[in-house]
Amino acid sequence: MKYLTALIFVWTLIPALAQTTYTYQTFDDTRIVNGHSVETNQEGVLKFIISHRFGTLNLGSYEQFGLDQASMRIGLDYGITKNLTLGLGRSTFEKTRDGYFKYKLLAQSQGDKNIPFTLTVFGSAVMKTLKRTDGIELNFQQKLSYSTQLLIARKFGSRFSLQIMPTYLHRNLVADNEENDVLSLGVAGQYQLLKNWSISAEYYATPPSYLPDGYYQSIAVGVQIDTKGHVFQLHFGNSRGMTEKFFVAETTNTWQDGGIHFGFNITRDFKLKGRKER
């Protein structure tokens, strides 16, 4: 009887031992600096985002080292499900409007399901509404650009996360010396310093063949503070635009000559559906 009881106990224990353990919060927020992380909103969560990019530090004291010049983006993201997020935004920089979707295909896990990374697919459309100085009126299609990314990330231990971002960008209208289609590979990382403090970095290795004279690869570093009510991201980078079209292919400043923008992102989550989070 003892052996039978022990056998039944072991048999019932096996499924528990084979359970899948998922990795949560690979990154602390849905953005790293300029680009997106693999994270999506929880179902029913509305995220309000305010982003600023000031002028470059090399403008000097007369422009308060860039603080007198600022570009701003206001955005709203909503979690349709825990894996699907939709978002809209409006930027003052070139008066752009953007919309996007993110869908988490795979989640890093171990146990019964052993998946070594998290995979999220991202797609966006951007419309530039700034009027041309030459008086030429653009049609609707000419104002549009599109981007697609695979966001692939892994969390190593409890502190360090790494993400790569194969990126495809298409612009319907470009200058004669520019390419309509651009390929790039982004790399980003985050390291947790304290419970609510982390540092992050982001780099887009756009090949020089896609970057005519006057355009450069995007590099940014920053610090993130999570207050549980808000997430504050403070950072420095050489890109002024806050959508993929600009920081992947149209970055016009370099770190070497002091063309560095100070900027920040502030996010606030609102639970609109389901039980309130404690």
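The values are calculated or read from the model by the stated rules, or taken from the named source; none is laboratory data. Remember, predicted model here, so these are calculated numbers, not experimental data. So basically every Cβ, Gly included, is an ideal-geometry build from the backbone, and we count neighbours across all protein chains shown.
Restricting segment 226-266 to residues that are among the aromatic types (Phe, Trp, Tyr) and within 23 Å of residue 130 (Cβ to Cβ), which is surrounded by the fewest Cβ atoms within 10 Å (Cβ to Cβ)?
Going through segment 226-266, the residues among the aromatic types (Phe, Trp, Tyr) turn out to be 232, 236, 246-247, 255, 262, 264.
Still in the running and within 23 Å of residue 130 (Cβ to Cβ): 246-247.
On the way: 246: 24, 247: 27.
The qualifying residue surrounded by the fewest Cβ atoms within 10 Å (Cβ to Cβ) is 246.
State yes or no: is residue 96 at pLDDT 95 or above, surrounded by 14 or more Cβ atoms within 10 Å (Cβ to Cβ), within 20 Å of the chain's Cα centre (by Cα) and of a type outside the set (Gly, Ala, Ser)?
Values: at pLDDT 95 or above: yes; surrounded by 14 or more Cβ atoms within 10 Å (Cβ to Cβ): yes; within 20 Å of the chain's Cα centre (by Cα): yes; of a type outside the set (Gly, Ala, Ser): yes.
Spelling it out, residue 96 is indeed at pLDDT 95 or above, surrounded by 14 or more Cβ atoms within 10 Å (Cβ to Cβ), within 20 Å of the chain's Cα centre (by Cα) and of a type outside the set (Gly, Ala, Ser).
Identify all residues within segment 175-199 that are aliphatic (A, V, I, L, M) and either over 13 Å from residue 161 (Cβ atoms) or surrounded by fewer than 16 Cβ atoms within 10 Å (Cβ to Cβ) (or both); write none if there are none.
Passing the criteria: 175, 182, 183, 185, 187, 193, 194, 199.
Output the residues belonging to segment 67-104 that are farther than 18 Å from residue 31 by Cα, free of Cβ contacts under 8 Å to residues at least 24 places away in the same chain and part of a strand (DSSP E or B).
70
State whether the residues of segment 121-144 include one that is over 22 Å from residue 215 (Cα atoms), free of Cβ contacts under 8 Å to residues at least 24 places away in the same chain, among the aliphatic types (A, V, I, L, M) and part of a strand (DSSP E or B).
No.
Just name the residue that is nearest to residue 199 (Cα to Cα) out of those in segment 153-173 that are modelled with pLDDT under 95 and of a type in the set (Gly, Ala, Ser).
Residue satisfying both the conditions and the ranking: 158.
Which count do you get for residues in segment 258-273 that are part of a loop (DSSP other than H, G, I, E, B) and either among the hydrophobic types (A, V, I, L, M, F, W, C) or under 10 Å from residue 238 (Cα atoms) (or both)?
Matching residues across segment 258-273 total 4.
Might you let me know whether segment 94-112 holds any residue that is hydrophobic (A, V, I, L, M, F, W, C) and over 22 Å from residue 162 (Cα atoms)?
Looking through segment 94-112, none of the residues is hydrophobic (A, V, I, L, M, F, W, C) and over 22 Å from residue 162 (Cα atoms).
Restricting attention to segment 107-120, which residues are closer than 20 Å to residue 168 by Cβ and surrounded by fewer than 16 Cβ atoms within 10 Å (Cβ to Cβ)?
none
Pairs under 7 Å by beta carbon, first residue of a type in the set (Asp, Glu) in segment 199-211, partner surrounded by 14 or more Cβ atoms within 10 Å (Cβ to Cβ), six or more apart or different chains?
From residues that are of a type in the set (Asp, Glu), the pairs are 202/32; 202/33; 202/34; 202/35; 202/186; 202/188; 202/220.
So which of 173, 169, 138, 194 ends up being more than 22 Å from residue 35 (Cβ to Cβ), of a type outside the set (Ser, Thr, Tyr) and touching a helix residue (DSSP H, G or I) at 6+ places or on another chain (Cβ under 7 Å)?
When all the criteria are applied, what remains is 173.
Give me the pairs, please: first residue somewhere in segment 162-177 and more than 14 Å from residue 245 (Cα to Cα), second residue anywhere and modelled with pLDDT under 95 and crowded, with 16+ Cβ neighbours inside 10 Å, beta-carbon distance under 7 Å, and either six or more positions apart or on two chains.
Cβ pairs passing all conditions: none.
How many residues are surrounded by 10 or more Cβ atoms within 10 Å (Cβ to Cβ) and either more than 15 Å from residue 248 (Cβ to Cβ) or at pLDDT below 95 (or both) when one looks only at segment 129-152? Talk me through it step by step, then tell me what you get.
Our first condition is that a residue be surrounded by 10 or more Cβ atoms within 10 Å (Cβ to Cβ); within segment 129-152, this holds for 129-131, 138, 142-152.
If we keep only those that are either more than 15 Å from residue 248 (Cβ to Cβ) or at pLDDT below 95 (or both) too, we end up with 129-131, 138, 142-144, 152.
So the answer is 8.
Which condition number does residue 50 fail, the rest of (1) crowded, with 17+ Cβ neighbours inside 10 Å; (2) assigned to a strand (DSSP E or B) being met?
(1)
Determine, yes or no, whether residue 202 is assigned to a strand (DSSP E or B), within 23 Å of residue 53 (Cβ to Cβ) and not hydrophobic (A, V, I, L, M, F, W, C).
Judged against the criteria, residue 202 is a match.
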